[in-house]
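> Got a structure here, written out as structure tokens. Questions coming.
Derivation of every value follows stated rules applied to the coordinates shown; laboratory data play no part. All values reported here derive from a predicted model rather than from experimental measurement. We place every Cβ from the backbone using ideal geometry, glycine too, and count neighbours over all the protein chains shown.
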Amino acid sequence: MAKMILRCSSMLTLLVFLCLLSVNSLDAESSMEVTGRGKLVRAEINWNGKPIEQGPGDKACGTHILSGTTTTKDFPVDVVYTWVEQPSERKFNEIKKDCPELKGGWQRLRDLNTLQFSFNLLEKNLPWVRKVFIVTPGEVPQWLNTSNPKVEMIKQENIWLQQRLHQDQPIHNSQSVEAHLHRIPGLSTHFIYLNDDMFVGRPLDRSFFFTDAGEPIIHADLVGNVVHHTRGLGWCHHKTPGALPLMESTHTYSALTIPLIEHAQAQWPLMFDKISATHCRGVLPANNGPTWVYGWHGFHTGLIKVQKKANVSFLSRLTKNKDAWYRKQLRNPPDVGCINDDFNTTDETEFAKERNALSAFMIEFSKAKAY
């Protein structure tokens with residue numbers, strides 16, 4: 001609770017002392033500040049009789065009371081990846097026993113070297129990043145220089161709430177892991193989350209991901225025709241949170257802050273319990289994962305800023321001509337991109353051709369001069 005100096009008088013003496021100011025007297029228009037890891041300074045703001053930690057009250061829906069600002073413009077930014085090693089046939093069969101309806105099947109577990117491609121581009125295009133954390137079940141990519149002080153491997157079990165770890169096992173779902181990323185030891189308050197198939201295609205400043213005040217940025221059209229994502233009365237009364245729409249401009253990086261995550265999880269605890277306990281990929285829709293919910297929550301609370309669409313490129317099953325897509329990226333590198341593994345799963349010869357073409361593209365793109 002904020003401390004203010006009040007002058008208190010009596011008939012006998014005049015004393016000047018420090019006292020605690022009632023939360024009802026705080027100016028609701030002034031901004032909340034993030035001063036350290038996982039801390040919202042103005043958490044005592046009163047929302048319809050409830051502290052902010054309990055979520056918005058009736059009068060908060062559709063209003064801008066929260067802010068993700070920080071006390072300094074020199075805040076550091078980390079990057080977090082999630083990754084799993086390509087399983088052997090025996091291990092994949094074990095996974096299938098745990099998850100007989102595993103969505104995407106082998107495609108979502110095989111390794112196309114996209115993490116190495118993304119990591120190399122990250123070093124090239126975001127040299128200002130403080131540290132990179134790679135969260136895995138325990139495996140380490142063979143190509144990674146683990147002696148690099150800017151890189152740290154994190155085991156999934158070490159970021160889990162210990163009272164949940166046993167019941168949430170086995171973990172064959174990145175959504176479940178994503179619900180615990182903010183518990184990485186030593187993670188900066190501000191960080192960028194990337195899937196292992198996402199990449200930064202050109203040099204970008206920190207201002208692409210965060211405002212100078214420390215607010216995460218989404219580059220997408222979340223208004224216009226997307227009516228159910230427009231701020232309005234009632235959103236904070238939903239039994240479950242909404243999510244960002246699943247489209248090319250949202251299937252990309254996530255700029256996040258630990259306070260934003262903690263605030264969203266405190267507002268929707270049952271949803272995040274469900275996500276954490278979802279063992280298998282595909283049980284929940286893709287855009288019911290944590291990052292989509294954080295984006296929706298941040299959009300409505302004002303903890304995330306929405307800016308004009310960036311140059312986002314997405315290779316997927318909807319890409320009619322992959323070779324043409326490769327040529328386009330080489331001519332005009334995107335700000336950020338994603339290479340979804342929607343390659344052939346039934347014809348080994350055809351898949352080998354597709355993989356060779358992808359590898360050639362990644363090698364050529366990595367060599368290209370920075371734009």
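> Which trypsin sites (Lys or Arg not before Pro) in region 94-193 sit in a loop by DSSP (not H, G, I, E or B) and have at most 16 other Cβ atoms within 10 Å of their own Cβ?
Here the sparse-neighbourhood loop sites are LYS103, ARG110, ARG130, LYS150.
> While we're on this one: Taking a threshold of 23 Å on the Cα-Cα distance, which of the pairs LYS91/LYS155; LYS322/LYS353; LYS73/LYS150; LYS73/LYS305; LYS328/LYS353; LYS124/LYS322 fall above it?
Correct reply: LYS124/LYS322.
> For region 77-312, give me the percentage of DSSP beta bridges that are antiparallel, rounded to the nearest 5 percent.
Within region 77-312, antiparallel bridges account for around 20 percent of the total.
> Separate question: Å³ per residue of the Cα convex hull, for region 77-312?
130 Å³
> Rg(Cα) of region 240-353 divided by 2.2 N^0.38 Å?
My calculation over the Cα atoms of region 240-353 gives 1.29.
> I need to check one value: relative contact order of region 237-371, counting alpha carbon pairs closer than 8 Å and at least 6 residues apart, in percent.
25 percent
> List the relative contact order of region 77-312 as a percent without decimals, with contacts defined as Cα pairs under 8 Å and 6+ residues apart.
In percent, rounded to a whole number, it is 27.
> Using +1 at the C-beta of Lys and Arg and -1 at the C-beta of Asp and Glu, which of PHE199, ASN120, SER147 has the Cα lying farthest in the positive direction of the dipole of region 77-312?
Farthest towards the positive end: PHE199.
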